[in-house]
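The block underneath contains the structure these notes are about, expressed in structure tokens.
The values are calculated or read from the model by the stated rules, or taken from the named source; none is laboratory data. Predicted, not measured: the structure shown is a model, and the values here were computed from it. Positions of Cβ are generated from backbone atoms using ideal geometry, with glycine treated the same way; all protein chains shown enter the neighbour counts. These area figures cover heavy atoms from the full protein model, side chains too; ligands, DNA and RNA do not enter into them. Shrake-Rupley method; radii C 1.70, N 1.55, O 1.52, S 1.80 Å.
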Amino acid sequence: MVFHAIGLMSGTSLDGLDICFARFENKNSWTFEILKAETLPYSGNWEEKLRNSIYLSAEELLALNSEYGFYLGKAVKNFIKKNQLENVDLIASHGHTVFHQPQKKFTLQIGDGRAIKLETNLPVIYDFRSQDVLMGGNGAPLVPIGDELLFSQYDACLNLGGFSNISLKIKDQRIAFDIAPVNIVLNKLAQKLNKNFDENGDLANRGRN
């Protein structure tokens, strides 16, 4: 089995929209290859909209959900055209998290997948977190599954994003959980030095233990 997918992700640190085109193949076990990848920095207008989305009324938030969905769709369409991609089987879009309170059994990622499909005319998978939260999880069901299938040779997988999270196997059960804020804090520190973020870790690399 072989398929090609485009993944979309907008992190809590608001660095920009990550777009990745990857090839997946299953011959007794799953392997993957990243073929194209790009981060599109948000304009000041979009960064402000997403950062302030938690303060919107229900009506305003629904409007932003639709608007951001079309923004994602146009970004993917441009990415496909720019890289002359012809064999895209599906788009998987995480969207941008506005609310996340698994202890109260709700989470919300905006960026309507139907708008992405209207722009690209490709199958779209979205709303990854809601069912997991309703079932008592922390809302990241795909990461531990991906870690298990793609990186089973490792004891644990640590992701350093806006927040750090880890997945590992204990007594034949894969578990995953958040640990601490990372880039969301580092970006704040970088901004004190007039940088939007610490590109390539250059600032951190100058530090001392």
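Below, the figures for the structure above:
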| read-out | value |
| --- | --- |
| Only one of I145, I175, I170 that is under 24 Å from K27 (Cα atoms), hydrophobic (A, V, I, L, M, F, W, C) and either modelled with pLDDT under 90 or loosely packed, with under 14 Cβ neighbours inside 10 Å (or both) | I145 |
| Subset of segment 26-50 (residues that are loosely packed, with under 12 Cβ neighbours inside 10 Å and of a type in the set (D, E, K, R)) | K27, E33 |
| Filter result (part of a strand (DSSP E or B) and out of contact with any helix residue (DSSP H, G or I) (no Cβ under 9 Å at 6 or more places or on another chain)) within segment 174-209 | F177, D178, I179, A180, P181 |
| Failed criterion for E67 (all others in (1) over 18 Å from D127 (Cβ atoms); (2) modelled with pLDDT of 95 or more; (3) among the acidic types (D, E) hold) | (1) |
| Cβ pairs under 8 Å, 6+ apart, first in segment 192-207 and among the aliphatic types (A, V, I, L, M), second assigned to a loop (DSSP other than H, G, I, E, B) and open to solvent by 100 Å² or more (accessible area, probe 1.4 Å) | L203/L193; L203/K195 |
| All positions within segment 187-205 that are open to solvent by less than 50 Å² (accessible area, probe 1.4 Å) and on the phi > 0 side of the Ramachandran plot | G201 |
| Residue match in segment 98-121 (condition: touching a Ser or Thr at 6+ places or on another chain (Cβ under 7 Å), part of a strand (DSSP E or B) and open to solvent by 70 Å² or more (accessible area, probe 1.4 Å)) | no |
| Odd one out for S152 among (1) farther than 25 Å from T31 by Cα; (2) assigned to a loop (DSSP other than H, G, I, E, B) | (1) |
| Criterion violated by S93 - all others in (1) part of a strand (DSSP E or B); (2) surrounded by fewer than 20 Cβ atoms within 10 Å (Cβ to Cβ); (3) at pLDDT 95 or above satisfied | (2) |
